[in-house]
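Have a look at the structure below, then the notes.
The values are calculated or read from the model by the stated rules, or taken from the named source; none is laboratory data. Please read these numbers as outputs of a predicted model, since none were measured by experiment. Because the Cβ atoms are built from the backbone with ideal geometry, glycine has one as well, and the counts that use them run over all protein chains shown. Note: accessible area is taken over every heavy atom of the protein model, side chains too, but ligands, DNA and RNA are not part of it. Shrake-Rupley method; radii C 1.70, N 1.55, O 1.52, S 1.80 Å.
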Amino acid sequence: MITLLLHGGAGRIDEARTDAYRRGLRFALEAGWSLLAAGGSAADAVVAAVAAMEADPEAFNAGVGSSLTREGTVECDACVMDGRDGRAGAVAAVTRARSPVALARRVMDETPHVLIVGTAADALVEDPIENEALRTSHAMAQLERWRERRQQPTGSATVGAVALDASGGLAAATSTGGVLGQWPGRVGDAPIPGAGTYADARVAVSCTGKGEAFLRAVTSKALAERLAAGSPLEETLGRALADVKAMRGSGGLITLLADGRLGWAFDTSHLALAWRSRHGDATREHVAVSDEAAVVTLGAGGTG
Ligand code: GLY
């Protein structure tokens, strides 16, 4: 059995952009799936899927097309965690990486550290690009709206993926441009293992939404601990969102268990979501921009 589940962010996604989100989700699904199906690791698959969304200038708040800070710059956070051995790599407030999640992977594989930030993280980028190259006209228009009206325009927060590979290994990855109009130097939950991203031998989790609330709720680690204590998946997902709400936040999360079960939950207007699972001879998949807040769980292989 192999499974890849990814999200393109919770938020309020304009009707006019849903096709771009679906296209981007499909592309990311293929990018991760081709590795998983060839026997690649869950970590390889989640990094490839998230990197595909980071590279998409038409949709998603990550990499190219990230939300802008109040100064009009792009600052990205990303994390990858490998559930087989608990290794993690993360970067925060990076400004010159085409793929922040690939940089996070380098931190995991090539340094003795977990999290490297700011200019030091930028210095690790092998092929640095100008910050302007990450800034799209859509992101600039959104910042203009935010500046004029002092309100949150439409958009989504964060991209992420969780995967189960053929050897039973789990991994999670998350990447984001953060919150529109954020202060320079602000870091959200995405690059913090146990908050926005988590994987162990039993479960992998990636979160999307208001990072401050997910940080305070330590969302993904709390979810893993509740599941390990025997809490049912659906109830645990609902509880995770309730905890985020109690911290004055909203958003969503995706999760995948070592036994093959999938789950997701969100309390925003939309969640961009895609999954594919192969269990024996059967392969199932689904790609959607969901518009009804929900807690959803599926059996191994994506069975209803
Ligand atoms: N959840 C992403 C962020 O708040 O930065």
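Structure above, values below:
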read-out	value
Per-region count, region 11-38, residues crowded, with 22+ Cβ neighbours inside 10 Å, at pLDDT below 95 and either among the small types (Gly, Ala, Ser) or within 15 Å of the chain's Cα centre (by Cα) (or both)	1
Residue list for region 258-295, filter: touching a residue at least 40 places away in the same chain (Cβ under 8 Å) and more than 23 Å from residue 53 (Cα to Cα)	258, 259, 260, 279, 280, 295
Only one of 119, 158 that is touching a residue at least 60 places away in the same chain (Cβ under 8 Å) and either open to solvent by 60 Å² or more (accessible area, probe 1.4 Å) or touching a Ser or Thr at 6+ places or on another chain (Cβ under 9 Å) (or both)	158
Total residues in region 122-155, condition more than 27 Å from residue 82 (Cα to Cα) and open to solvent by less than 80 Å² (accessible area, probe 1.4 Å)	16
Residues satisfying the stated conditions in region 228-254, i.e. under 19 Å from the mean Cα position of the chain (by Cα), more than 16 Å from the ligand (Cβ to nearest atom) and touching a residue at least 60 places away in the same chain (Cβ under 8 Å)	237
Residues that are open to solvent by 10 Å² or more (accessible area, probe 1.4 Å), under 24 Å from residue 3 (Cα atoms) and within 10 Å of the ligand (Cβ to nearest atom), drawn from region 196-226	209
Region 160-186, residues that are of a type in the set (A, V, I, L, M, F, W, C), in contact with a Gly (Cβ under 8 Å, 6 or more places away or on another chain) and either within 10 Å of the ligand (Cβ to nearest atom) or outside any strand (DSSP E or B) (or both)	166, 179, 180
Neighbours by Cβ (under 7 Å, 6+ apart or cross-chain): first from region 175-201, without any contact (Cβ under 8 Å) to a residue 60 or more places away in the chain; second within 8 Å of the ligand (Cβ to nearest atom) and open to solvent by less than 50 Å² (accessible area, probe 1.4 Å)	189/196; 189/207; 189/211; 189/214; 195/189; 195/214
Those residues of region 211-237 which are touching a strand residue (DSSP E or B) at 6+ places or on another chain (Cβ under 6 Å) and under 18 Å from residue 62 (Cβ atoms), in sequence order	214, 220
Long-range neighbours under 7 Å by Cβ, at least six apart or interchain, first residue farther than 23 Å from residue 45 by Cβ and in contact (Cβ under 8 Å) with a residue 60 or more places away in the chain within region 71-98, second in a loop (DSSP other than H, G, I, E, B) and among the small types (Gly, Ala, Ser)	74/66; 74/177; 75/178; 93/185
